[in-house]
Amino acid sequence: MTIKPFFRTHTFFSMYNIVFVLLLFGEFYTFGGKHFWSLLLFYSSFVIIYALGFQKLKKQSIPASKFNFQILLYPLIILSLSLIGFHLITMGGSPAFESLEMMKTSEVNTHRKEIGSKVHAIWRYISSMNIKAILPFTLLLLLITKRKIYWVVFFVGLFYTFSLMQKSHVLSFLMPVLLYSLFTKKWLFAFKYTMSIALIIVGLIIVSNPPLRNGINDLKEAPSNVIKEKEESALQKISNGLFKRVFILPGEMVGNWFEIIPEHKPFLRGTGYRSYCKITHQEYHDYNLELYPVIYPEYAKKGVQGSVNAAHFMRGYSNFGNAGLIQSAIFLAIVFLVMNLLFKNTGIEMKLTLNLFPVFLLSSGSLTTILFSGGWGLVMVLYWLFKKEFDEKNE
């Protein structure tokens, strides 16, 4: 089997190999391969389970749903737009436009932090699902089927992602249509989405920084940050930061977790899973938060709080050690095997459009979180419902 047919058949497996190579690179760059054997244990387990499962299931597939596309389409559009309307109403308006009236950096920061607390926790979850799954999927479906209401969803979605004052939201919303435009060589569409993302991000920078609007910055910056900003040009900071974020940090964080657990922090023995703790009535431990002061003690001393996300298999390791690595490998292999069945006979472009971003998020996030809170699982369900329509439009 040559490279192209292999990639077509094992698209998700191939994408993940790129992710794993990046993790290896970051770990070798930072720790010199000190944790290579632990990583090899995970990867070899993953490959073995995947290969055995593929041989068993290679002739199987998940058929498309029998629901009528026309019946489902408009309820999907109404649902996505209604959720936006209800969320904005419960918040009392657009937080971003309210922030434009604030002329102090501290006021804007406080206002942004209060966005989530203005509504019930269930609304935060629903909003996350809408931004990460329902809205982007609806926009992609309308783009492919060439419906005029596409423009309504496009502009309402941009307004909504801008209103919530989080730069990542516009990426979640437009990434599928941007990737689809690139893979299908629709360059004007790709340019439109790229510029839309850029404009939203620039707009949020202006909103978040009152000095850019003749306001004042009443928050003092640490002297070291000021010196660093003078020493590095904006281009250097962007390029260095991007290189480290993509190529170094994911593998470095994996190495950090291996260094700390279990020498400085114990294996959690299941208490790193919230659902398990609810059943057993034990205290839940989130190592993403608890390891931050260990990895970044200088920031912790200043009162800075944060999280340190690591690759998806580190959650299993932090709970059960090597057995957790094998458990994580089995779970990932099963997910990819199910996806093979769901996307069988689907073009590479659509596989990449809907799954490239979530697969790469595995380098720094929990698989269960990405599937459920991250909306990836909901995207798969929506694709199954509309699979027949996607296949007809891409024949």
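Of the listed pairs Lys132/Lys192; Lys66/Lys148; Lys148/Lys186; Lys167/Lys388; Lys58/Lys146; Lys278/Lys301, which have alpha-carbon separations greater than 22 Å here?
On the way: Lys132/Lys192 20 Å; Lys66/Lys148 25 Å; Lys148/Lys186 18 Å; Lys167/Lys388 33 Å; Lys58/Lys146 34 Å; Lys278/Lys301 32 Å.
Correct reply: Lys66/Lys148; Lys167/Lys388; Lys58/Lys146; Lys278/Lys301.
Which value, in debye to the nearest 20, describes the size of the charge dipole of the chain about its Cα centre when Lys and Arg Cβ atoms bear +1, Asp and Glu Cβ atoms bear -1, and nothing else is charged?
Working: 39 positive and 22 negative charges, 223 e Å.
Using only the charged Cβ atoms, the result is roughly 1080 debye.
Counting other Cβ atoms within 10 Å of each Cβ, which trypsin sites (Lys or Arg not before Pro) in the range 59-107 have at most 11 and sit in a DSSP loop? Intermediate values should be presented prior to the final figure.
Details: sites: Lys59, Lys66, Lys104; in loops: Lys59, Lys66.
Loop-located and lightly packed - Lys59, Lys66.
Which value, in debye to the nearest 20, gives the size of the charge dipole of the range 1-123 about its Cα centre, when Lys and Arg are +1 and Asp and Glu are -1 at the Cβ? All intermediate terms of the calculation are to be shown ahead of the outcome.
Values: 11 positive and 5 negative charges, 152 e Å.
That gives the range 1-123 a dipole magnitude of about 720 debye.
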Which of rounded, prolate or oblate describes the range 1-90 when judged by the alpha-carbon gyration tensor and an a/c cut-off of 1.5? oblate
Which number comes out as Rg/Rh for the chain once both Rg and the Kirkwood Rh are worked out on C-alpha atoms? 0.97
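For the chain, which whole-number percentage of the solvent-accessible area (1.4 Å probe, protein heavy atoms only) is attributable to carbon and sulfur atoms? Intermediate results must be reported in sequence, preceding the final value.
Working: 13510 of 20940 Å².
Carbon plus sulfur share of accessible area: 65 percent.
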Starting from the exponent 0.38 and prefactor 2.2 Å, build the expected Rg for the range 82-209 from its residue count and divide its actual Cα Rg by it. 1.09
Provide the per residue accessible area, probe 1.4 Å, for the chain, rounded to a whole number of square angstrom. 53 Å²
Stokes-Einstein D (µm²/s) once Rh is taken as the Kirkwood radius of the range 1-40 over alpha-carbon pairs, at 10 °C in 1.306 mPa s: 140 µm²/s
Which one, Gly26, Thr138, Pro95, projects farthest toward the positive side of the charge dipole computed for the chain from Cβ point charges (K/R +1, D/E -1)? Thr138
Please name which of Asn322, Phe154, His169 has its Cα lying farthest along the dipole of the chain towards the positive end, using unit charges on Cβ (Lys, Arg +1; Asp, Glu -1) and the Cα centre as origin. Phe154
How large are Rg and Dmax for the range 332-395 when only the alpha carbon atoms are used, in Å? 11.9, 35
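The values are calculated or read from the model by the stated rules, or taken from the named source; none is laboratory data. This is a predicted model, so every value here is computed, not measured. In this analysis, Cβ positions are derived from the backbone assuming ideal geometry, glycine residues included, and neighbour counts consider all displayed protein chains. For the accessible areas, the whole protein counts, side chains as well, though only heavy atoms, and no ligand, DNA or RNA atoms are used. Shrake-Rupley method; radii C 1.70, N 1.55, O 1.52, S 1.80 Å.
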